[in-house]
Every structure is written in C-alpha cells, then in structure tokens.
Amino acid sequence: MPYVGRFAPSPTGPLHAGSLVAALASWLDARAQGGRWLVRIEDVDAPRCVPGADRLILDQLARCGLVPDEPPLWQSQRGALYQHALDQLVDAGLAYPCACSRRDIEQAQAERGMARVRGAELPYPGTCRPENGGLRGRPARAWRLRTDFFEPNWPANHEIRAQAAPHSVAISGSVVHWTDRRLGPQQQDVAETVGDFVLRRADGLWAYQLAVVVDDAAQGVTHVVRGEDLADNTPRQILLQRALGLPTPSYLHTPLVLAADGEKLSKQNGAEALPLHDPLQALTAAAARLGLPAPMTEATVPEALIAWTSAWSVAWPMR
Ligand code: GLU
C-alpha cells in the first residue's frame, strides 16, 4: 500500500518546539519511505482555536521546508463526513445518545462506588445505554460509542471480526493490543479506562476521536506519526476504526519536549512560538529530540532535511 503520512495540528496557537518534533518526524518518515505527506488542520474544537493560527502554522512549516504534498484540509469543513459516520454507527446499534451532564456522571460514578483518582478521569458508567433505560425522557446531549461491541456475544460482532486485522492489532473484549513503532507493545482496556466515549459533544461539536478516525481513513493515511501525549487515545481510535469498518494505520508516537517545570511543553503552558527567523535552529533542536545528529556547519534547511532523512531510515524501523 502506498505510504501516506500526515501532520494534524490543532490551531490553538502557533507551532512550538514540541509540535515541531511531531511535524518533523512525520515528514521524515514519509520521505524516508517514499510516501506522501499531508497536513490537516484540526479545528473542530472551535472555542479553543485562535484566529489566524492555522495560516501561521502552515507558514512556520513552510519556512522549515515542511510543505505538504496536497493542499491542507480543514476539519471545520468536514462536518457532513462526521455526521455520516455517526449515522452509520447509530444504524448499527454501536452509538447511542446520552443525556448526562458532568454532575450526573459524577453522581452515578459515586453511587457505583467508583473511586476518584487525582488527575484521572473515571470511565463513563453507561447510564444512558439502551439496556440501562436510555434517555428516560431527558433530551439528548452527546453521542457515545459502545465500547463493548467486541464482546463475544455482541450481535454485530461477526461482521466486524470478519474484517482483516493488521498483524500488530488484536482486540479481545474491550482490551485493545497494539504495537507502537517506538513504544513497543501496548494495551488498554477501553471500557475500563474511559468507558463509552463521546463522538459528538453536548455542545454539538465533533469529538476529536471521531474526526481523526474518519479523516485518517478518508485521506488514506497508512502511517500516523504524532506526539506521545496522544498514545493513550490510540486504542479508542482503533476500536472506532473497527466499528466503522476502517483500516488501522501503523502508529509511531514521538518523544515530548518538556517545559522547565517537567510538564509537557504545550501551547497551554505558554510554549513559545518557533522563531521564524532561524528555522534551522528550531529544526536542529527537534532533530536532536528524535536522536538525529546536528547538521554540518553552513548547511541549509533543505540540506539538513536530506541528511536527517537518511539518518531517520537508519534510526527508525520501517514498518
Ligand atoms: N490535533 C491533535 C493535536 O494537535 C493531533 C491529532 C493527531 O495527530 O492525531 O494535538
């Protein structure tokens, strides 16, 4: 299958040292494997987007020599596709409407004796599942995916199981096993960790999980290379791919850049925008985080990118 990779920034601010690592890694992986590299602007969470950040990111990437092989896509223009995917899941009985507010969920969790752990979300307790009484006359707020559809006696299971699974992915019950090219074998019980997760939010916005799965498939993405902070979303995305009958790409999660306080560097904790006047310096720092050598003195951006592409082929297993 021809290689298609992508970089999918959320325009919540300019590109920073952390997001450049993911951008460079996905570009290098695509180039090293003779593939195409796409950019998708993930602006579904409109309230978090900063006007103009999309154009700024594209400009920053271009100055770093990272130019997509096709015109970028904006997720805000793709609502019809996400609706179609949700309709498909609802028709198959794999998604259901949910009337719960945050408080309802917390109350139901407390009633079930689910203990709160600091900093961790508790799984959705399944209050609005049809077999638990559904909406009970309350208005629908969000839509959720059933995470139990892979259980042995779930009716739609035969068809879903019949779809060929890639060698590195196995699903038993709600436990997803997958192999990350950098992190190695991973597993997560999605029902136990997050429970039936949101596909369309109570505010009407499309959830990241649904948009990313629909778009990766629609764009024919075969290789996802992105930051390690997203690794624990992968099992949800694999379940959703199965539910929609879509192929699972291969995954590589890149190391994060930490801020001075040890937290992941992000737009939220004030990561500085990349200096546009010296893209080579920014790229060199990103390359170092990926274990790639500093460029020769006097190297230009295109020369450095060529050298890193060869080094990448040696450093990262090609799968
Ligand atoms: N839009 C996400 C972010 O900026 C990345 C999504 C992805 O690469 O799957 O964090």
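Laboratory data are not the source of any read-out in this text; all were calculated from the coordinates shown. Bear in mind that the values here come from a model prediction, so they are computed numbers and not experimental data. Because the Cβ atoms are built from the backbone with ideal geometry, glycine has one as well, and the counts that use them run over all protein chains shown.
Within the range 50-67, identify whether any single residue is aliphatic (A, V, I, L, M), away from the ligand (no atom under 16 Å from the Cβ) and outside any strand (DSSP E or B), and answer yes or no. Within the range 50-67 (the criterion being aliphatic (A, V, I, L, M), away from the ligand (no atom under 16 Å from the Cβ) and outside any strand (DSSP E or B)), the answer is yes, since at least one residue qualifies.
Residue-wise test of (1) within 16 Å of the ligand (Cβ to nearest atom); (2) under 15 Å from the mean Cα position of the chain (by Cα); (3) among the hydroxyl-bearing types (Ser, Thr, Tyr).
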{"position": "Arg236", "(1), (2), (3)": "yes, yes, no"}
{"position": "Leu239", "(1), (2), (3)": "yes, yes, no"}
{"position": "Ser266", "(1), (2), (3)": "yes, no, yes"}
{"position": "Ala271", "(1), (2), (3)": "yes, no, no"}
{"position": "Leu280", "(1), (2), (3)": "no, no, no"}
{"position": "Ala286", "(1), (2), (3)": "yes, no, no"}
{"position": "Pro295", "(1), (2), (3)": "no, no, no"}
{"position": "Glu298", "(1), (2), (3)": "no, no, no"}
{"position": "Ile306", "(1), (2), (3)": "no, no, no"}
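Given the criteria out of contact with any strand residue (DSSP E or B) (no Cβ under 7 Å at 6 or more places or on another chain) and farther than 21 Å from Val257 by Cβ, does Gly35 qualify?
no
For the range 19-39, filtering for residues that are surrounded by fewer than 23 Cβ atoms within 10 Å (Cβ to Cβ) and within 11 Å of the ligand (Cβ to nearest atom) leaves 0. Counting only residues that are more than 29 Å from Leu244 (Cα to Cα) and assigned to a loop (DSSP other than H, G, I, E, B), the range 85-122 holds 8 of them. Residues of the range 109-116 include none that is within 16 Å of the ligand (Cβ to nearest atom) and either of a type in the set (Lys, Arg) or in contact (Cβ under 8 Å) with a residue 60 or more places away in the chain (or both). For first residues located in the range 213-233 and more than 16 Å from Gln186 (Cβ to Cβ) and in contact (Cβ under 8 Å) with a residue 12 or more places away in the chain, partners that are in a helix (DSSP H, G or I) and within 11 Å of the ligand (Cβ to nearest atom) and lie 6+ apart or on another chain with Cβ distances below 6 Å form the pairs Val213/Gln237.
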